[in-house]
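This report refers to the structure that appears directly beneath it.
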Amino acid sequence: MKIERIETFLVAPRWLFCRIETSDGVVGWGEPVVEGRAELVRTAIEVLSEYLIGQDPLQIERHWQILAKGGFYRGGPVLSSALAGIDHALWDIAGKVYGAPVASLLGGRVRDRARVYAWVGGDEPAEIADQVAAQVAAGMTAVKMNASGRIQPSPSLAEINSIVARLEAARTVLGDSRDVAIDLHGRVGVAGARRILHAVEPLHPLFVEEPVLPEHLHHLASVVEASTVPVALGERLYQRSEFMPALEAGVAVVQPDVSHAGGISELRRIAVLAETHGALLAPHCPLGPISLAASLQVSFATPNFLIQEQSRGIHYNVDSDLTSYVTDPTPFTWVNGHAEWNPLPGLGVTVDEAAVRSADKKGHAWRNPVWTHEDGSFAEW
């Protein structure tokens, strides 16, 4: 059996899918994308395909090593994401060949269901409360929200109080038995992050995500030590070596993205590395169905798993949602805030190929917003 054909598809709202077909007719799917740079990742896959065509698809680790390290210049979001989608597809093929879910090929599942969280939004506490109440009614046990919109690097007291008020609104609805996490997106400076963590500490968030930018990880220890609030980050880190400074600084939760950080193969290694530091895994995944299916395979097989992000109903998915490109939505039907174990082989989802090919004819050119402060200077989005 050899790799015979590799295709990519730009599909709304902002995703890129990869299809790998073998000489025996086995098809595997992946989701390689950098949001806002999907076209660049597509080109990277075309280049990597030069090596893959004609190769044995079951030699996953061999191919991962060559694709990740064979070029003199390594890493970065575009290459790592291209590699990730290829890796998903190869694991999908392997599972279908061996008749087993990918999690079983990783050593077997360590849990029967995986906790997921839902995104909520709203600029005012009342809007937050309404959206949280809707998620509680749907059976969710955890939500996450942006801590703020545009914010100064050195936040004012009013801006910090606004973060606290929105978090209080969520906590009031959730009570003590459910969880809420907030995402800072690296929008504030190191000192601002310390102040915010201290301010929200009485509300016991599950974690505060990305309090500082990846380029400021050398200051992360001071942020971690500022409060007892668990600090989480990792969506903009792309290989296990990049997680070492964060783990050494005492980060409590790592959030690698299976579509950015080298795929299933590297996500699994990052999880093991985190376990040796006493950190938990909460995979980043605001993307499409293939990415989530791949991420869940790792989550089910990982002892130090905490919770899984998922994009059903997320604010990005205006034109298409998590179930738009699969023939059966059952794997993405949450039961009491959890994903149930999926025994189907490979990634466990059946892609609606006709829908994918039709969407690709239209494509997309999604770009993230670019923000500025009131004085015209650049603001972190």
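Return the total of residues in segment 97-121 being of a type outside the set (Lys, Arg), surrounded by fewer than 18 Cβ atoms within 10 Å (Cβ to Cβ) and more than 16 Å from Leu344 (Cβ to Cβ). Going through segment 97-121 one residue at a time, the tally reaches 3.
In segment 106-125 there is at least one residue that is in a loop (DSSP other than H, G, I, E, B), farther than 30 Å from Leu90 by Cβ and of a type in the set (D, E, K, R). Each residue in segment 336-368 was checked for being closer than 20 Å to Gly313 by Cα, open to solvent by less than 60 Å² (accessible area, probe 1.4 Å) and out of contact with any Ser or Thr (no Cβ under 9 Å at 6 or more places or on another chain), and 4 pass.
One residue is enough: does segment 158-181 have a residue meeting the conditions out of contact with any helix residue (DSSP H, G or I) (no Cβ under 6 Å at 6 or more places or on another chain), of a type outside the set (Asp, Glu), open to solvent by less than 40 Å² (accessible area, probe 1.4 Å) and under 21 Å from Cys285 (Cα atoms)? Yes, segment 158-181 has at least one match. When Val200, Val173 are checked against the criterion of being outside any strand (DSSP E or B), aliphatic (A, V, I, L, M) and under 25 Å from the mean Cα position of the chain (by Cα), a single residue qualifies: Val200.
Among residues of segment 180-191 that are touching a residue at least 12 places away in the same chain (Cβ under 8 Å), those with a beta-carbon under 8 Å from a residue that is open to solvent by 20 Å² or more (accessible area, probe 1.4 Å) and small (Gly, Ala, Ser) at least six positions away or on a different chain give the pairs Leu184/Ser148; Arg187/Ser148; Val188/Ser154; Gly189/Ser154; Val190/Ser222; Ala191/Ser154. Of the strands (runs of 3 or more DSSP E) entirely within segment 1-96, those holding at least 3 residues that are open to solvent by less than 20 Å² (accessible area, probe 1.4 Å) and of a type in the set (A, V, I, L, M, F, W, C) occupy 3-11, 15-22.
Filtering segment 307-334 to residues that are open to solvent by 40 Å² or more (accessible area, probe 1.4 Å) and within 11 Å of Arg115 (Cβ to Cβ) leaves only Trp334.
Does segment 133-157 hold any residues that are part of a loop (DSSP other than H, G, I, E, B) and buried (at least 20 other Cβ atoms within 10 Å of the Cβ), and which are they?
Across segment 133-157, the qualifying residues are Met140, Ala147, Ser148, Ile151, Pro155.
Of everything in segment 120-131, what is touching a Gly at 6+ places or on another chain (Cβ under 8 Å) and closer than 15 Å to Ser148 by Cβ? Give them in sequence order. Hits for segment 120-131 are Asp123, Glu127, Ile128.
Close contacts from segment 291-317, counting a first residue that is under 12 Å from Leu267 (Cβ atoms) and a second that is open to solvent by 10 Å² or more (accessible area, probe 1.4 Å) and β-branched (Val, Ile, Thr), with Cβ to Cβ under 9 Å and a gap of 6+ residues or different chains, come to Ala301/Val110; Thr302/Val110; Thr302/Val272; Phe305/Val110. Scanning segment 122-132 for residues that are under 21 Å from Phe332 (Cα atoms) and open to solvent by less than 50 Å² (accessible area, probe 1.4 Å) yields one hit, Val132. Within segment 350-366, does at least one residue satisfy the condition of being of a type in the set (Phe, Trp, Tyr) and part of a strand (DSSP E or B)? Within segment 350-366, none of the residues are of a type in the set (Phe, Trp, Tyr) and part of a strand (DSSP E or B).
Take the conditions in a loop (DSSP other than H, G, I, E, B) and within 18 Å of Ser154 (Cβ to Cβ) and apply them to Val188. Does it pass?
Answer is yes for this residue.
The values are calculated or read from the model by the stated rules, or taken from the named source; none is laboratory data. No experiment lies behind these values; they were computed from the predicted model shown. Glycine also receives a Cβ, built like all others from the backbone with ideal geometry; neighbour counts cover every protein chain displayed. Ligands, DNA and RNA are stripped out before the accessible areas are found, and what is left, the full protein with its side chains, is counted by its heavy atoms. Shrake-Rupley method; radii C 1.70, N 1.55, O 1.52, S 1.80 Å.
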